[in-house]
Amino acid sequence: MKLATLRDGTRDGRLVVVSRDLTRASPAPAARTLQAALDDWEALAPELEQLSEELNAGRIAGTLAFDARDCHAPLPRAYQWADGSAYVNHVALVRKARGAELPESFWTDPLIYQGGSDGFLDPCGAIRVASEDWGIDLEAELAVITGDVAMGTTPAQARSAIRLLMLVNDVSLRNLIPAELAKGFGFFQSKPASAFSPVAVTPDELGADWDGGRVHLPLLSYVNGQPLGCPDAGMDMTFDFPTLIAHAAKTRTLCAGSIVGSGTVSNRGADGGPGRPVRDGGAGYSCIAELRMVETLCNGGPKTPFLRFGDRVRIEMHDALGRSVFGAIEQVVEACRP
């Protein structure tokens with residue numbers, strides 16, 4: 001089933017079940033909010049599934065026309081947002097861009113940072129930043145929403161805790177990152193609010209493209225209508241979602257409604273290198289920082305600027321038949337004036 005949260009004047013919005021073709025929606029009587037549904041998932045999920053079946057069969061009268069522009073993030077705010085770096089190729093490239101070596105342990109021990117979760121950007125809301133000088137960048141990712149996860153859970157156990165999947169734009173301010181990380185205390189100012197796709201889906205909606213830990217579909221990203229990347233999310237994912245969840249739960253429990261991100265989706269080239277831009281027939285990149293690093297390696301310096309005010313970002317994933325799975329994240333970069 002597919003779920004979304006419509007704006008209704010409250011902080012947490014109104015939960016709706018969305019048709020598979022993303023054209024219609026019906027309010028969910030079983031739970032007013034997605035968090036409420038997650039808190040009592042075992043009892044409420046069957047009712048939501050039944051509503052989804054009836055909606056897709058056209059047996060519900062008075063449905064709503066679904067428009068992603070009416071949506072909050074599926075979870076407008078969450079108890080936890082922990083973003084991993086499952087694609088070590090991405091980590092290697094962005095570290096090289098700032099002159100940092102890649103420790104060998106990064107191939108065996110996942111990276112996770114804890115992001116701000118008290119409020120997310122709407123999927124079609126603006127990215128508001130005070131200065132272009134901060135190096136505004138998109139990061140196209142996937143994420144899962146979990147049920148309750150016990151401390152010390154194993155990856156095998158973590159699989160059953162995955163309730164929903166969605167897309168992410170984990171906005172980064174690249175020029176603030178080096179000085180912030182040099183303090184040795186992690187990201188904060190360099191990681192503003194993230195955006196999520198308008199729709200979150202249960203794993204079964206992905207069919208054979210979900211193997212229990214990875215999504216085997218291209219993740220599409222565009223800047224001002226031009227393709228930036230189409231890497232396969234199932235390739236080069238060093239750590240799958242169950243592994244990331246187990247890593248996050250090593251010393252703490254995760255409550256229902258926790259969001260765990262994959263990190264920027266990134267594919268290596270056929271020769272094991274960083275891959276080629278889309279314009280050169282490659283899978284491209286899911287962030288501008290990777291493209292700039294490749295430009296530096298090939299040409300001696302970056303040519304592509306980071307995002308500027310007025311730039312538009314689109315992130316989407318299509319199934320094998322070309323249908324949008326999660327709806328699109330569509331955002332414009334705007335100046336934020338105090």
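The values are calculated or read from the model by the stated rules, or taken from the named source; none is laboratory data. Since this is a predicted model, take the numbers as computed values, not measurements. Reconstructed Cβ throughout: ideal geometry from the backbone, glycine too, with neighbour counts over all protein chains shown. Calculation scope for accessible area: heavy atoms of the full protein, side chains included, ligands and nucleic acids excluded. Shrake-Rupley method; radii C 1.70, N 1.55, O 1.52, S 1.80 Å.
Read through the list (1) within 26 Å of P192 (Cβ to Cβ); (2) assigned to a loop (DSSP other than H, G, I, E, B), then give the number of the only condition that V333 fails.
With respect to (1) within 26 Å of P192 (Cβ to Cβ); (2) assigned to a loop (DSSP other than H, G, I, E, B), V333 is out only on (2).
Residue-by-condition table, conditions (1) within 14 Å of A4 (Cα to Cα); (2) of a type in the set (A, V, I, L, M, F, W, C); (3) open to solvent by less than 20 Å² (accessible area, probe 1.4 Å):
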{"site": "N56", "(1), (2), (3)": "no, no, no"}
{"site": "I60", "(1), (2), (3)": "no, yes, no"}
{"site": "A73", "(1), (2), (3)": "yes, yes, yes"}
{"site": "A78", "(1), (2), (3)": "no, yes, yes"}
{"site": "D83", "(1), (2), (3)": "no, no, yes"}
{"site": "A86", "(1), (2), (3)": "no, yes, yes"}
{"site": "R95", "(1), (2), (3)": "no, no, no"}
{"site": "W107", "(1), (2), (3)": "no, yes, no"}
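Looking at segment 179-204, I want the residues that are closer than 25 Å to R128 by Cα and in contact (Cβ under 8 Å) with a residue 24 or more places away in the chain and have a partner that is among the basic types (K, R) and open to solvent by less than 60 Å² (accessible area, probe 1.4 Å) with Cβ atoms under 6 Å, at least 6 apart or on another chain. Which pairs are those?
As it stands, the answer is V199/K2, since those pairs meet every condition given.
Quick check on my filter: what residues within segment 53-71 are under 25 Å from G9 (Cα atoms) and not aliphatic (A, V, I, L, M)?
Residues satisfying the conditions are G62, T63, F66, D67, R69, D70, C71.
Tally time: how many residues in segment 72-106 are closer than 25 Å to G125 by Cα, assigned to a loop (DSSP other than H, G, I, E, B) and among the aliphatic types (A, V, I, L, M)?
Adding up the residues that qualify gives 3.
Would you be able to tell me the number of residues in segment 150-173 that are surrounded by fewer than 21 Cβ atoms within 10 Å (Cβ to Cβ) and closer than 19 Å to K96 by Cβ?
Within segment 150-173, residues that are surrounded by fewer than 21 Cβ atoms within 10 Å (Cβ to Cβ) and closer than 19 Å to K96 by Cβ number 0.
Can you spot a residue in segment 211-223 that is closer than 25 Å to L173 by Cβ, in contact with an Asp or Glu (Cβ under 8 Å, 6 or more places away or on another chain), of a type in the set (V, I, T) and surrounded by 23 or more Cβ atoms within 10 Å (Cβ to Cβ)?
No, segment 211-223 contains no residue that is closer than 25 Å to L173 by Cβ, in contact with an Asp or Glu (Cβ under 8 Å, 6 or more places away or on another chain), of a type in the set (V, I, T) and surrounded by 23 or more Cβ atoms within 10 Å (Cβ to Cβ).
Kindly establish whether S266 is closer than 30 Å to V332 by Cα, in a loop (DSSP other than H, G, I, E, B) and either open to solvent by less than 50 Å² (accessible area, probe 1.4 Å) or touching a residue at least 24 places away in the same chain (Cβ under 8 Å) (or both).
Values: closer than 30 Å to V332 by Cα: yes; in a loop (DSSP other than H, G, I, E, B): yes; either open to solvent by less than 50 Å² (accessible area, probe 1.4 Å) or touching a residue at least 24 places away in the same chain (Cβ under 8 Å) (or both): yes.
It is true that S266 is closer than 30 Å to V332 by Cα, in a loop (DSSP other than H, G, I, E, B) and either open to solvent by less than 50 Å² (accessible area, probe 1.4 Å) or touching a residue at least 24 places away in the same chain (Cβ under 8 Å) (or both).
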